[in-house]
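Peer 1: Next up is a structure, given as structure tokens.
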Amino acid sequence: MQEGPLVLDPAASFALGAMAPNSAIGPRSRHAALPFGRTIILAGGVTPEMTAPTQLEEIDLETNRISVKSTLPDARLDAAVAALGDLVVFAGGTEGGLASDKVDLLPVANPGLPRHRSLLHARTRAAVAANATRALVAGGLDATGSAMGTTEWLTASDTTAGPELAPRVGACALSLGDGRFWLMGGATNSTAELVTEEGLVSTFDFPGEARVDHACTLLSDGNVLITGGLGATSGPLADVWVFAPPER
């Protein structure tokens with residue numbers, strides 16, 4: 001098996017692009033691409049017809065093949081999607097025009113045996129961050145369309161209430177890899193919050209413009225890169241920020 005990073009040369013043969021029309025659902029956007037070893041799981045998102053795909057597709061980086069890994073029992077737009085250990089988690093989303101409380105956990109090694117349970121609160125467009133043992137689902141819109149500040153902890157076996165945070169919709173979230181979870185932005189919220197696994201919360205002011213649907217990436221030095229998003233008044237943003245989390 002090849003070790004180290006795998007580089008695909010599009011000038012020579014960009015096999016993944018050539019295979020895309022043969023994938024089970026065709027194009028999708030607003031989806032999650034979750035790494036599991038030498039494979040990538042494509043999950044969630046929306047089709048050009050504004051429907052929610054139910055298939056999980058697997059890209060094998062060794063063979064450059066795409067295949068259907070599993071199928072969700074129902075289609076939900078704007079679900080929170082994350083990798084929780086060896087599980088793909090789908091939490092909440094919109095079903096039939098309403099926020100959903102459904103949670104689906106699909107084992108990557110055996111996706112034919114999904115686990116199903118419910119969130120404590122129905123929510124859509126929530127943020128989610130996960131490490132190897134637990135995921136933090138935060139914010140989103142409730143069944144009345146109001147922004148939520150509640151959070152929930154998900155593990156492979158249960159769901160419990162998390163700390164109350166600032167209401168957020170369209171925020172970004174990630175695990176810092178040290179037991180802390182980071183959330184930032186969403187709607188007109190211009191703060192960031194650090195949450196420990198014990199539920200302790202620290203709040204930080206963000207000096208840039210409030211934004212939604214931005215990207216946050218954990219860098220190798222432990223800092224967080226914040227890029228783009230939609231500004232509250234200015235539309236798409238082109239600025240880039242780096243947040244340095246305080247030491248524990």
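The values are calculated or read from the model by the stated rules, or taken from the named source; none is laboratory data. All of these numbers come straight from a predicted model, not from anything done at the bench. Because the Cβ atoms are built from the backbone with ideal geometry, glycine has one as well, and the counts that use them run over all protein chains shown.
Peer 1: Using beta carbons and a limit of 6 Å, which pairs, at least six apart or on different chains, have the first residue in segment 77-98 and not assigned by TED's automatic domain parsing to the domain that holds Ala32 and the second one among the acidic types (Asp, Glu) and part of a strand (DSSP E or B)?
Peer 2: Phe90/Asp104
Peer 1: Anything in segment 227-241 that is out of contact with any strand residue (DSSP E or B) (no Cβ under 7 Å at 6 or more places or on another chain) and at pLDDT 90 or above? List them, or say none.
Peer 2: Hits for segment 227-241 are Ala238, Asp239.
Peer 1: Find all pairs meeting these conditions: Cβ atoms under 9 angstrom apart; at least six residues apart or on different chains; first residue within segment 145-164 and assigned to a strand (DSSP E or B); second residue hydroxyl-bearing (Ser, Thr, Tyr).
Peer 2: Glu152/Thr159; Glu152/Thr160; Trp153/Thr159; Trp153/Thr160; Leu154/Thr160; Thr159/Ser118; Ala161/Thr150; Ala161/Thr151
Peer 1: A further question on this structure: Does any residue of segment 128-146 turn out to be among the basic types (Lys, Arg) and surrounded by fewer than 18 Cβ atoms within 10 Å (Cβ to Cβ)? Break it down stepwise before answering.
Peer 2: Going residue by residue through segment 128-146, those that are among the basic types (Lys, Arg) are 134.
From what is left, the residues that are surrounded by fewer than 18 Cβ atoms within 10 Å (Cβ to Cβ) are none.
No, segment 128-146 has no match at all.
Peer 1: Which residues, taken from segment 212-226, are in contact with an Asp or Glu (Cβ under 9 Å, 6 or more places away or on another chain) and either modelled with pLDDT under 90 or buried (at least 16 other Cβ atoms within 10 Å of the Cβ) (or both)? Talk me through it step by step, then tell me what you get.
Peer 2: Here is the first cut: in segment 212-226, the ones in contact with an Asp or Glu (Cβ under 9 Å, 6 or more places away or on another chain) are 222, 226.
If the condition is that a residue be in contact with an Asp or Glu (Cβ under 9 Å, 6 or more places away or on another chain) and either modelled with pLDDT under 90 or buried (at least 16 other Cβ atoms within 10 Å of the Cβ) (or both), then Ile226 is the only one that fits.
Condition check ((1) farther than 21 Å from Pro35 by Cβ; (2) of a type in the set (A, V, I, L, M); (3) touching a helix residue (DSSP H, G or I) at 6+ places or on another chain (Cβ under 7 Å)) across all residues:
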| site | (1), (2), (3) |
| --- | --- |
| Ala79 | no, yes, no |
| Leu87 | no, yes, no |
| Phe90 | no, no, no |
| Gly93 | yes, no, no |
| Pro107 | no, no, no |
| Asn110 | no, no, no |
| Ala138 | yes, yes, no |
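Peer 1: Please determine whether any residue of segment 102-113 is surrounded by 19 or more Cβ atoms within 10 Å (Cβ to Cβ), of a type in the set (Asp, Glu) and modelled with pLDDT of 90 or more. It would help to see each step written out before you state the result.
Peer 2: Filtering segment 102-113 down to residues surrounded by 19 or more Cβ atoms within 10 Å (Cβ to Cβ) leaves 102-106, 108.
From what is left, the residues that are of a type in the set (Asp, Glu) are 104.
Then drop every residue that is not modelled with pLDDT of 90 or more, which leaves 104.
For segment 102-113, residues surrounded by 19 or more Cβ atoms within 10 Å (Cβ to Cβ), of a type in the set (Asp, Glu) and modelled with pLDDT of 90 or more: present.
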